[in-house]
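A.B. asks: Below you will find the structure I want to go over with you.
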Amino acid sequence: MMDNIHKQILKKIKEFDTIVIARHIGPDPDAITSEVALRDIIKLNFPKKKVYAIGSGVSKFKCFGILDKISEDVSFNDALLIILDVPRFDRVDGPKKEEFKYTIKIDHHPCEEGVTDLELVDDTAASCTQMITDFVFDTKLKINKEIAENLYAGIVADSDRFLLSYTSPKTLYLAAMLMEKYKIDIMSVYNKLYERPIKERKFESFLISNLKVSKNGFGYIKITNSLIKEFDVDSSTASNMINDLNFIKELKCWAFSSYDDNSKIYKINIRSRNIPINQVAEKFNGGGHKFASGARLKDEESVDALFEALDNECEKYRDE
């Protein structure tokens, strides 16, 4: 069945001369590397096509590739839109579905309803880049070392270096295939993903030192703009550190909240060990994976309500 969907996606890619690739707002390395890699795969195999990877850029992810800006005179009436690493259109950064002739989704998040014309969804995959790697090998499309390194980076990042429970034999097999076939410089990849200035390490120490932990094992901290300025770090820094708390014994679930001045939204990052949290997040304008989710809220009262709901969820598992 997967082979058949891969063939259908490739057929649609061949059919359209203009292709736009988008992903979720507030991108992580998997989202960025997915869209950059897929854009470059299509351009390498079909050089006459116009292919754009779009969305708001993140300065620390420029090392994976530069995103595209589309001029206003470009028409999407006869174009293909591919959305990656995002279950619903209200989470897509940029384009609107009705602007395009045909839409495709490739995603590894659980989703109960279809939102595009053609969908490849596998919530057992550790990352969207894993799914694209599988698509490439199955369809025998050409890639080069640079593309392979971006795919490998996304797989490593979303599996947290193969530590998370979503890691499967297929995850390891596809990563090994990329390493073997394209002689990936893994140290270069790891430096891009994990090298940080000392001010970010100091900020991380502050977060752990000031994390509040309930009797139920729920850890949380609210990150203010004044803290961001004090440590001179990027506003997205905290969300990139959320996995660093994964092996603190006292934590069953933990969450960071930070306020985005531009969007006037509170961004919540949530992780857990063996406690399902995505359904809780969905009740607060969020969602994601079973043990890795997020939400975007309009006021601090909603943040407090979400934290209380997560603490209550932890209480159900307190004696386990």
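The values are calculated or read from the model by the stated rules, or taken from the named source; none is laboratory data. Just so we're clear, the structure is a prediction, and the values are computed from it rather than from any experiment. Glycine gets a Cβ as well: all are built from the backbone with ideal geometry, and neighbour counts include every protein chain shown.
A.B. asks: Look through segment 262-320, keep the residues that are touching a helix residue (DSSP H, G or I) at 6+ places or on another chain (Cβ under 6 Å) and among the hydroxyl-bearing types (Ser, Thr, Tyr), and return whichever of them is nearest to residue 91 (Cα to Cα).
C.D. replies: Restricting to residues being touching a helix residue (DSSP H, G or I) at 6+ places or on another chain (Cβ under 6 Å) and among the hydroxyl-bearing types (Ser, Thr, Tyr), the top hit is 293.
A.B. asks: Test residue 69 against the stated conditions and say whether it is surrounded by fewer than 23 Cβ atoms within 10 Å (Cβ to Cβ), of a type outside the set (Asp, Glu) and outside any loop (DSSP other than H, G, I, E, B). Write out each step before concluding.
C.D. replies: On the way: surrounded by fewer than 23 Cβ atoms within 10 Å (Cβ to Cβ): yes; of a type outside the set (Asp, Glu): yes; outside any loop (DSSP other than H, G, I, E, B): no.
No; evaluated as a whole, the condition is false for this residue.
A.B. asks: While we're on this one: Confirm whether residue 245 is surrounded by 14 or more Cβ atoms within 10 Å (Cβ to Cβ), aliphatic (A, V, I, L, M), under 21 Å from residue 159 (Cβ atoms) and at pLDDT below 95. Please lay out each step first, then the result.
C.D. replies: Numbers: surrounded by 14 or more Cβ atoms within 10 Å (Cβ to Cβ): yes; aliphatic (A, V, I, L, M): yes; under 21 Å from residue 159 (Cβ atoms): yes; at pLDDT below 95: yes.
Spelling it out, residue 245 is indeed surrounded by 14 or more Cβ atoms within 10 Å (Cβ to Cβ), aliphatic (A, V, I, L, M), under 21 Å from residue 159 (Cβ atoms) and at pLDDT below 95.
A.B. asks: Tell me which residues, restricted to segment 200-224, are of a type in the set (D, E, K, R) and either surrounded by 12 or more Cβ atoms within 10 Å (Cβ to Cβ) or within 24 Å of the chain's Cα centre (by Cα) (or both). Steps first, please.
C.D. replies: Initially, segment 200-224 is screened for residues of a type in the set (D, E, K, R), giving 200-202, 204, 212, 215, 222.
Answer for segment 200-224, where residues must be of a type in the set (D, E, K, R) and either surrounded by 12 or more Cβ atoms within 10 Å (Cβ to Cβ) or within 24 Å of the chain's Cα centre (by Cα) (or both): 200, 201, 202, 204, 222.
A.B. asks: Kindly indicate whether any position in segment 186-197 is surrounded by 14 or more Cβ atoms within 10 Å (Cβ to Cβ), within 29 Å of residue 150 (Cα to Cα), in the same structural domain as residue 93 (by TED's automatic domain parsing) and over 21 Å from the mean Cα position of the chain (by Cα).
C.D. replies: no
A.B. asks: Follow-up question, since we're still on this one. Find all pairs meeting these conditions: Cβ atoms under 8 angstrom apart; at least six residues apart or on different chains; first residue within segment 29-42 and closer than 17 Å to residue 160 by Cβ; second residue modelled with pLDDT of 95 or more and basic (Lys, Arg).
C.D. replies: Hits for this filter: 31/23; 32/23; 34/23.
A.B. asks: If residue 92 satisfies all but one of (1) buried (at least 19 other Cβ atoms within 10 Å of the Cβ); (2) in contact with a helix residue (DSSP H, G or I) (Cβ under 7 Å, 6 or more places away or on another chain); (3) under 30 Å from residue 172 (Cα atoms), what's the number of the condition it fails?
C.D. replies: (2)
A.B. asks: Please work out which one of (1) farther than 19 Å from residue 63 by Cβ; (2) at pLDDT 95 or above is the condition residue 165 fails and give its number.
C.D. replies: (2)
A.B. asks: Sticking with this structure for a sec: Return a yes/no flag: does segment 15-35 have any residue that is out of contact with any Gly (no Cβ under 8 Å at 6 or more places or on another chain), more than 29 Å from residue 296 (Cβ to Cβ) and in a helix (DSSP H, G or I).
C.D. replies: Yes, segment 15-35 has at least one match.
A.B. asks: Okay, next question. Before we move on, is residue 146 among the acidic types (Asp, Glu), surrounded by fewer than 13 Cβ atoms within 10 Å (Cβ to Cβ) and at pLDDT 95 or above? Can you show your working first?
C.D. replies: On the way: among the acidic types (Asp, Glu): yes; surrounded by fewer than 13 Cβ atoms within 10 Å (Cβ to Cβ): no; at pLDDT 95 or above: yes.
In short, no.
A.B. asks: Is there any pair linking a residue in segment 55-70 that is in contact (Cβ under 8 Å) with a residue 40 or more places away in the chain to one that is assigned to a loop (DSSP other than H, G, I, E, B) and of a type in the set (Ser, Thr, Tyr), with Cβ under 8 Å and at least six apart or on different chains, and which?
C.D. replies: Short answer, once both residue conditions are applied: 58/236; 60/236.
A.B. asks: While we're here: Within segment 172-181, can one find any residue that is touching a residue at least 40 places away in the same chain (Cβ under 8 Å) and in a loop (DSSP other than H, G, I, E, B)?
C.D. replies: no
A.B. asks: Out of segment 237-258, which residues are in contact (Cβ under 8 Å) with a residue 24 or more places away in the chain and basic (Lys, Arg)?
C.D. replies: So in segment 237-258, the residues in contact (Cβ under 8 Å) with a residue 24 or more places away in the chain come out as 237-246, 248, 250-258.
The one that is in contact (Cβ under 8 Å) with a residue 24 or more places away in the chain and basic (Lys, Arg): 252.
A.B. asks: Which of the residues spanning segment 93-114 are hydrophobic (A, V, I, L, M, F, W, C) and within 19 Å of residue 13 (Cβ to Cβ)? Write out each step before concluding.
C.D. replies: We begin by selecting, within segment 93-114, every residue hydrophobic (A, V, I, L, M, F, W, C); these are 100, 104, 106, 111.
Listed by number, the residues that qualify are 100, 104, 106.
A.B. asks: Give segment 38-61 a look and list any residue that's under 24 Å from the mean Cα position of the chain (by Cα) and of a type in the set (S, T, N, Q), or say none.
C.D. replies: 56, 59 - these are the residues of segment 38-61 that are under 24 Å from the mean Cα position of the chain (by Cα) and of a type in the set (S, T, N, Q).
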